[in-house]
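Engineer: Handing you a structure now.
The values are calculated or read from the model by the stated rules, or taken from the named source; none is laboratory data. What you see is a predicted model; the values in this text were computed from it and never measured. Just so you know, the surface numbers come from the protein's heavy atoms only, side chains and all, with ligands and any DNA or RNA stripped out. Shrake-Rupley method; radii C 1.70, N 1.55, O 1.52, S 1.80 Å.
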Amino acid sequence: MELSHITAPYHNQNIPPSLAIARYLHGYASHRALSLVGPLYQGTNTFENPVLFIDGGAEFRHADEGLSVGDGDSFVGKLDETLDRHKNYSDLAYALASIPAHFYEIHLHGFLGGRRDHEWVNIGEAAAFLKHRHQTTQLHFDSAFTGFSAGQWQLEINGTFSVLCIESAKITLTGECEYPLSIETQIEPLSSHGLSNVGSGVMQLKNDEPVFVVFQVD
């Protein structure tokens, strides 16, 4: 099995492809959605395959669920693939680097909260992952926010939301929202320009770089 046929290009050439992840996901060639479970997951759900349990996320694994991978710094037990703790990339980055191109609906559970630097790095790795996708891809961090690769999207939002980016992006936003961007507008990284919009239905988003749509949580 040629790894180059099933893994996606990634921004960090120091990250080796994972044969274990490649072999596991090769069995789900007809699937388009994939879940990753991290150490900060707070639910009790079981997950439909395919699912990757990232280090301490393996605590939430049930029998016959998915594949576990990590360096063991947040999990005591045996992982399907154990990484070197002295590597220069995160366990999440390693997993993202080996996700095949045909998965375009990625759900991340348990990667927010905890150490602030870890949380920021998880968001940064998600942005880098989206930037290098050839297939338009959505990446959901629980129900808190969704990252979108470059493309055109239809959204339905009722309530407060913000559109943020990690690097400069040209954006148009039209439809049922209080503050549309009907003319292509350049939004700078973490700018307040896209902060606190209000949706009342269906709208269209177009972006030339990855963006994150953050939903208001009461």
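Engineer: Given a 1.4 Å probe, how much area per residue of the chain is accessible, in Å²?
Structural biologist: With the other protein chains kept in place, the chain gives 51 Å² per residue.
Engineer: Same structure, new question: Can you give me the angle between helix 116-131 and the longest principal axis of the chain, using Cα atoms only, in degrees from 0 to 90, rounded to the nearest 10?
Structural biologist: 80 degrees
Engineer: As a test of understanding, state the convex hull volume per residue of the chain from its alpha carbons, in Å³.
Structural biologist: Residue-normalised Cα hull volume stands at 129 Å³.
Engineer: Keeping the other protein chains in place, figure out the carbon and sulfur percent of the accessible area of segment 131-218, with a 1.4 Å probe.
Structural biologist: 49 percent
Engineer: Further question on the same structure: How much length would be gained if the chain were fully extended between THR136 and GLU156, taking 0.36 nm per residue of separation minus their Cα-Cα distance, in nm to one decimal?
Structural biologist: 5.4 nm
Engineer: Taking every DSSP beta bridge that has both residues in the chain, what percent is antiparallel when rounded to the nearest 5?
Structural biologist: On the way: 33 of 50 bridges.
Percentage antiparallel, nearest 5: 65.
Engineer: Need one word for segment 33-135: rounded, prolate or oblate. Basis is the Cα gyration tensor (sqrt eigenvalues a ≥ b ≥ c); a/c below 1.5 gives rounded, then a/b vs b/c decides.
Structural biologist: It comes out rounded by the Cα gyration axes.
Engineer: Something else now. What is the antiparallel percent of DSSP beta bridges lying wholly in segment 79-149, to the nearest 5?
Structural biologist: 50 percent
Engineer: If you don't mind, another one. At 222 nm, what value in deg cm²/dmol follows for the chain if DSSP H runs of at least 4 each add -39500 (n - 2.57) and the sum is divided by all its residues, to the nearest 500?
Structural biologist: Theoretical 222 nm ellipticity from helices: -4000 deg cm²/dmol.
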